[in-house]
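Single-structure report; data block below.
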Amino acid sequence: MVSSTEQTPMSSETDATLDRWQSEEYKYGFYTDIETDSLPPGLSEDVVRLISAKKDEPDWLLQWRLKAYRHWLTMTEPTWQNVHYEPIDYQKIIYYSAPKQAKDRPQSLDDVDPKLLETYEKLGIPLQERAILAGVAVDAVFDSVSVATTFKEKLGEIGIIFCPFSEAVHDHPELVQQYLGSVVPHNDNFFAALNSAVFSDGSFVYIPKGVKCPMDLSTYFRINAISTGQFERTLIVAEEGSTVSYLEGCTAPMRDEHQLHAAVVELIALDDATIKYSTIQNWYPGDKDGKGGIYNFVTKRAKCLGRNSHISWTQVETGAAITWKYPGCILIGDNSVGEFYSVALTNNHQQADTGTKMIHIGKNTRSNVVSKGISAGFGQNTYRGLIKITKSAHGARNYTQCDSMLIGDKCGAHTFPYIEVKNSTAQMEHEATTSKIGEDQLFYCNQRGISTEDAVSMIVNGFCKEVFRELPMEFAVEAQKLLEVSLEGSVG
Amino acid sequence: MLQIRNLHVNVQGHEILKGLDLTINAGEMHSLMGPNGSGKSTLAQVLAGRDTYEVTEGEVLFEGRNLLELEPDERACAGVFMAFQYPVEIPGVGTAYFLRAAVNAVRKHRGEEELDAVDFLGFVKEKMRLVDMDEQLLKRSVNEGFSGGEKKRGEIFQMAVLEPKLAILDETDSGLDIDALKIVADGVNSMRRTDRAFLVITHYQRLLNYIVPDFVHVLVDGRIVKSGGKELAMELEEKGYGWADQSIRHAAAAS
């Protein structure tokens, strides 16, 4: 046991004990003690101006933020979603917190605070380019700011822009101005408006005409500071004939309080362009009794603007106390394709209300939706999806498959599919199943020598296979492991 | 190897097994026959460790250990295998992956090194020949979309891969055509060894033309009413289960 005479709060011994203890449940629950530059809690027009000033933003962006803020003031928090939580006090949230740096922004990885590098190392995301995951460029967002971006120069050589959002505002203002808010307007919904007013950082990606991005790009979001909300904004633009695969990962320390993560992601694909966007969301889910955890209220939307463009969302949502998001595609270009592959797992007291929106506008547009919801413990899992075929969408096709799996008898699965068809040439298919993880299946595995815990993860992974195979290889492995950890203790 | 003494088993308050005794030694092939509802499958399920069955009395020793104390996976690791009457489908889980997990769980339990994917594939392909299985099957999900015959052959294939000490075949012959029946029987026969025992549960004598038992037991109403050699199966086929039941009643009445 730990010696009680030790007075420092974090002796190396307690640190190790804590780490071990945490690793059994949520292994990313540690906190990095780092000096920060934070605003006091609360939201006002001054706070919006301060955030903008801290980033030395041009006036047009400040005006855009203020427009969003003023609109947000007129909105009320939505309540139609199938999740329950205590009201959020928006005046208690800190809207900006950044680790202090010697200069405003590190010029190279050598300038990055070693404590930050160590944090990402611990998270399994080494930021040294030589040590990095083979062929993946990373933008690391820590609370409100991006702290490092790898392979920036190398990608720059072929014209790819991969940088923190705040940097793009300065270096590529014309692109940001053209596309910011073009998919998710500043007044789109309550949380998108809030984000538009106070967003602090995120990633910006621009793939020029005809370029196939040679490596996966990824952003790793980390909430560290207490009482802080994270409001990042990601914007990806794929020019004609270009291709990019992008991945985001998320973690946060274990805390008793809830923290808000309200992000906005906008994707734009022009003619013949392909964007593949994968998410592994592992925010702190709260403890076994539902105390603490992240509120993950996110707006993600893609525009298939060009002909034959193709955008695919893949998400593995295992974390967060509450997940609420509907990554969608607006299929404007003729023959464009939108896809949504999702695994959402809720254990203990987690809640998720997630799905997709596919809006067919162009001719012969296609969408494909595969959703796998897994509920364990007291978890509540809702699929909500909208398939809309507008008048102009001749020959549109949609296939939706929506499967739910229940583990135990105290959890729930809910499905709300909305289908609106305004064009009689549309072809729609919807399949849905709900199954209880079978006693028969478990017994069969047991009888072959496989333990119940291994059997559950095997059966669940089998259930999710159609989604996992959409993930880049190394992340598919990661996702499987994550499911195993998240399911621990779900079968008594 | 296996001693069952005075086994009483309830299912949802009904007593199904009412004092069953059975001893199986290594190297022996036992056949358990009996009419529908006599408790044959109940015995198989209880031995495998299904928890919906409640043992109210009696004991079961496997190699001297109390089998009833072990969890189902521990029993499997100890060498008890049951070929299911209704093999279960596990969508999305590849047969090769599933079997390797099973083999490695058993090997780990025995303190042996785990097999990697390449070694395992070599090992498994050899076993597939035993039951004339198509290698494509390894890539498919466990039992998903298998025909009835494929499922049953798959069970024998899994048995061959797991190399148990005690194999319980729960009506493996039901629903098989004569060709498939022969393949299954050949697979079982090729696995007979002096250190392995079989308990073959069946309705019909037909299977026993191909798998020749050392002992035949007749289960009626939760008790073994008659035991004998392979001739007993022939006699049963001829005279029916009523005969076995009556002969025991007569014996009881006479004493």
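The values are calculated or read from the model by the stated rules, or taken from the named source; none is laboratory data. Predicted model, so just to flag it, every value in this text is computed and none were measured. Don't worry about glycine lacking a Cβ; one is built from the backbone with ideal geometry, like all the others, and counts go over all protein chains shown. Each accessible area value is taken on the protein alone, full model and side chains, heavy atoms only, with ligands, DNA and RNA left out. Shrake-Rupley method; radii C 1.70, N 1.55, O 1.52, S 1.80 Å.
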* Asked: How about segment B:79-108: which of its residues are out of contact with any strand residue (DSSP E or B) (no Cβ under 8 Å at 6 or more places or on another chain) and at the interface with chain A (Cβ under 7 Å from one of its Cβ atoms)?
  -> B:Ala101, B:Ala102, B:Ala105, B:Val106
* Quick one: in segment A:226-245, which of the residues that are more than 13 Å from A:His261 (Cβ to Cβ) and among the acidic types (Asp, Glu) is most open to solvent (accessible area, probe 1.4 Å)? -> A:Glu240
* Go through (1) more than 14 Å from every other protein chain (Cβ to nearest Cβ); (2) at pLDDT 85 or above; (3) in contact with a Ser or Thr (Cβ under 7 Å, 6 or more places away or on another chain) one by one and return the number of the condition A:Leu482 breaks. => (2)
* Structure fact -> Within segment B:60-78, the count of residues that are at the interface with another protein chain (Cβ under 8 Å from one of its Cβ atoms) and touching a residue at least 40 places away in the same chain (Cβ under 8 Å) comes to 1
* To do: Can you confirm whether segment B:11-29 contains a residue that is under 22 Å from A:Leu442 (Cα atoms), modelled with pLDDT under 95 and open to solvent by 10 Å² or more (accessible area, probe 1.4 Å)?
  => yes
* Options A:Gly210, A:Gly159, A:Gly202: the member that is on the phi > 0 side of the Ramachandran plot and open to solvent by less than 20 Å² (accessible area, probe 1.4 Å) -> A:Gly202
* Out of curiosity, is A:Glu429 touching a residue at least 60 places away in the same chain (Cβ under 8 Å) and open to solvent by 20 Å² or more (accessible area, probe 1.4 Å)? -> no
* Structure fact -> Only unsatisfied item for A:Thr228, checking (1) closer than 19 Å to A:Glu45 by Cα; (2) at pLDDT 95 or above; (3) among the polar types (S, T, N, Q), is (2)
* To do: Name, by its number, the condition in (1) of a type outside the set (A, V, I, L, M); (2) more than 24 Å from B:Leu162 (Cβ to Cβ); (3) crowded, with 16+ Cβ neighbours inside 10 Å that does not hold for A:Arg469.
  => (3)
* Structure fact -> Just one listed residue, out of A:Val467, A:Val456, is touching a residue at least 40 places away in the same chain (Cβ under 8 Å), within 12 Å of chain B (Cβ to nearest Cβ) and within 23 Å of the chain's Cα centre (by Cα), and it is A:Val467
* Hits in segment A:190-210 (condition: at pLDDT 95 or above and part of a loop (DSSP other than H, G, I, E, B)) -> A:Pro208, A:Lys209, A:Gly210
* Looking at segment B:41-154, what helices (runs of 4 or more DSSP H) fall wholly within it and have at least 3 residues that are open to solvent by 70 Å² or more (accessible area, probe 1.4 Å)? -> B:95-109, B:117-130
* **Checking A:Arg384 against (1) facing chain B (nearest Cβ under 10 Å); (2) within 22 Å of the chain's Cα centre (by Cα), the condition it does not meet** => (1)
* Starting from segment B:144-163, take each residue that is within 14 Å of chain A (Cβ to nearest Cβ) and free of Cβ contacts under 8 Å to residues at least 40 places away in the same chain and list its partners that are open to solvent by 50 Å² or more (accessible area, probe 1.4 Å) and of a type in the set (Ser, Thr, Tyr), counting only C-beta distances under 9 angstrom and pairs at least six apart or across chains. => B:Ala160/B:Ser190
* Scanning segment A:301-322 for residues that are in a strand (DSSP E or B) and open to solvent by 10 Å² or more (accessible area, probe 1.4 Å), which turns out nearest to A:Ala193 (Cα to Cα)? -> A:Arg301
